[in-house]
Amino acid sequence: MVVKEIKNIIEHTPKKEFLQSWFYGEFLKKIGRKVIRLENSKGEQLQALISNFRFGKFAYIPRGEIKDFSEFLVYFKKQNFAFVRLENVLELKNQQKEKTFIIKNRQPKNTWLLNIEKEEDEILTEMHSKTRYNINLAERKGVKIVEEKNLESFWKLNEITVERNSYNSHPKEYVAELLKLENVYQLNAYFENSILASAILLGHDDTLIYFFGASGNEHRNLMAPYLLHWEIIKLAKKLGFKKYDFWGIAPAAKEGEGKTSCHHNYCWQVEDPLNGVTRFKAGFGGYVKSYPEALEIILNSFKYKIYKLLYKTDNIIGHPKK
């Protein structure tokens with residue numbers, strides 16, 4: 001077989017995207033996900049999550065870094081996969097002959113990056129004036145930022161955030177295992193004895209990534225998240241990272257596609273669910289990075305139809321998130 005399975009870290013080449021990294025694959029296996037790593041004849045490698053559903057299975061490849069997917073598709077076909085969900089960061093050389101759909105990206109399609117190689121004063125100067133004001137306000141009012149790994153503090157706020165914003169969270173056990181990793185950090189914002197906001201951060205390559213965040217409903221006038229992210233930026237610089245990834249934001253606005261909102265030289269659609277989040281992140285300065293559309297490549301039409309039917313009834317085993 002042209003495609004071979006990678007069994008150990010010695011065979012694995014470093015990846016720019018943490019979702020394709022060896023450490024993240026090992027973490028996923030530890031929490032019960034099935035992970036497979038493959039290499040084609042050109043030395044290109046991918047890491048895929050395998051999920052089962054009744055009568056079939058599929059592979060999910062988050063932020064793949066490959067140019068030619070043809071040999072991998074042959075492998076997945078021979079292994080009787082119903083389909084492959086691919087979120088690739090590079091443009092594929094060969095167009096896929098199989099039936100392919102463009103689907104919604106599971107990972108953020110647009111993310112906000114900040115160059116933190118500059119001096120702190122310069123980073124502050126390039127922020128929106130309101131962002132600087134809110135950072136100073138939080139400091140004056142007595143908000144304190146503490147670097148600590150405290151699962152219970154995060155989870156308390158996470159439950160509040162999930163209820164307020166109506167989205168599904170990873171289970172508590174997932175976060176507990178994540179915090180055990182050496183390249184994962186946590187910063188918490190406190191006012192007196194109350195925790196106001198928490199951030200879980202992941203360091204990979206030259207970037208510190210805002211992986212999870214949560215905040216409470218009290219003392220929102222203290223602007224704790226602004227000071228929290230400023231302290232994250234300072235921590236990232238201290239640790240030697242070159243970029244801070246604020247994670248997902250709304251895509252840039254397209255002319256003629258509805259009402260837009262603009263803040264600090266970035267514009268997006270007002271109706272986007274990340275409207276408020278985008279305004280907050282853009283205020284720190286930085287730039288947007290956009291990823292290609294996600295693809296669903298069908299290898300077995302019958303099994304794919306079963307999957308789609310089951311998906312509507314939430315009867316999926318191991319449905320991938322991150």
Margin query: Of all residues being out of contact with any helix residue (DSSP H, G or I) (no Cβ under 7 Å at 6 or more places or on another chain) and in contact (Cβ under 8 Å) with a residue 40 or more places away in the chain in the range 115-132, which is nearest to residue 46 (Cα to Cα)? Just the residue, please.
Written below: 115
Next item on the list: Pick out, from the range 215-322, the strands (runs of 3 or more DSSP E) lying fully within it that include 1 or more residues that are among the acidic types (Asp, Glu).
Entry: 243-248, 294-298
Notebook entry, point to check: Considering the range 179-198 alone, what residues qualify as being farther than 26 Å from residue 30 by Cα and of a type outside the set (S, T, N, Q)?
Noted result: 189, 190, 191, 192, 195, 196, 197
Checklist line | Residue ID - nearest to residue 236 (Cα to Cα), chosen from residues in the range 142-190 that are of a type in the set (Ser, Thr, Tyr) and exposed (fewer than 13 other Cβ atoms within 10 Å of the Cβ) | finding: 167
Next item on the list: Considering only the range 4-20, state which residues are in contact with a strand residue (DSSP E or B) (Cβ under 6 Å, 6 or more places away or on another chain) and crowded, with 19+ Cβ neighbours inside 10 Å.
Entry: 17, 18, 19, 20
Notebook entry, point to check: Are there any pairs with C-beta distances below 7 angstrom linking a residue in the range 246-262 that is touching a residue at least 24 places away in the same chain (Cβ under 8 Å) to a residue that is of a type in the set (D, E, K, R), with the two at least 6 apart or on different chains, and if so which?
Noted result: 246/281; 249/281; 250/272; 251/109
Note to self: As an exercise: evaluate residue 143 against (1) touching a residue at least 40 places away in the same chain (Cβ under 8 Å); (2) within 30 Å of residue 29 (Cβ to Cβ) and give the number of the one condition it does not meet.
What the structure shows: (2)
Margin query: Where the second residue is among the charged types (D, E, K, R) and the first is free of Cβ contacts under 8 Å to residues at least 24 places away in the same chain and lies in the range 1-30, which pairs have Cβ atoms under 7 Å and are six or more apart or on separate chains?
Written below: 25/37
Next item on the list: Search the range 210-233 for residues being closer than 26 Å to residue 179 by Cβ and exposed (fewer than 14 other Cβ atoms within 10 Å of the Cβ), and hand back the single one that is farthest from the chain's Cα centre (by Cα).
Entry: 218
Notebook entry, point to check: Can you tell me which of 198, 153 is more than 19 Å from residue 107 (Cβ to Cβ) and part of a strand (DSSP E or B)?
Noted result: 198
Margin query: Against the condition within 24 Å of the chain's Cα centre (by Cα) and among the aromatic types (Phe, Trp, Tyr), how does residue 23 come out, does it pass?
Written below: yes
Check: Is the range 243-255 home to any residue that is within 24 Å of residue 150 (Cα to Cα), loosely packed, with under 13 Cβ neighbours inside 10 Å and assigned by TED's automatic domain parsing to the domain that holds residue 123?
Finding: no
Checklist line | Residue in the range 165-195 that is farthest from residue 22 (Cα to Cα), counting only those that are assigned to a strand (DSSP E or B) and small (Gly, Ala, Ser) | finding: 194
Margin query: As an exercise: evaluate residue 102 against (1) surrounded by 14 or more Cβ atoms within 10 Å (Cβ to Cβ); (2) closer than 24 Å to residue 248 by Cα and give the number of the one condition it does not meet.
Written below: (1)
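The values are calculated or read from the model by the stated rules, or taken from the named source; none is laboratory data. Quick caveat, the model's predicted, so the values are computed rather than measured. Positions of Cβ are backbone-derived with ideal geometry, glycine not excepted, and every protein chain shown enters the neighbour counts.
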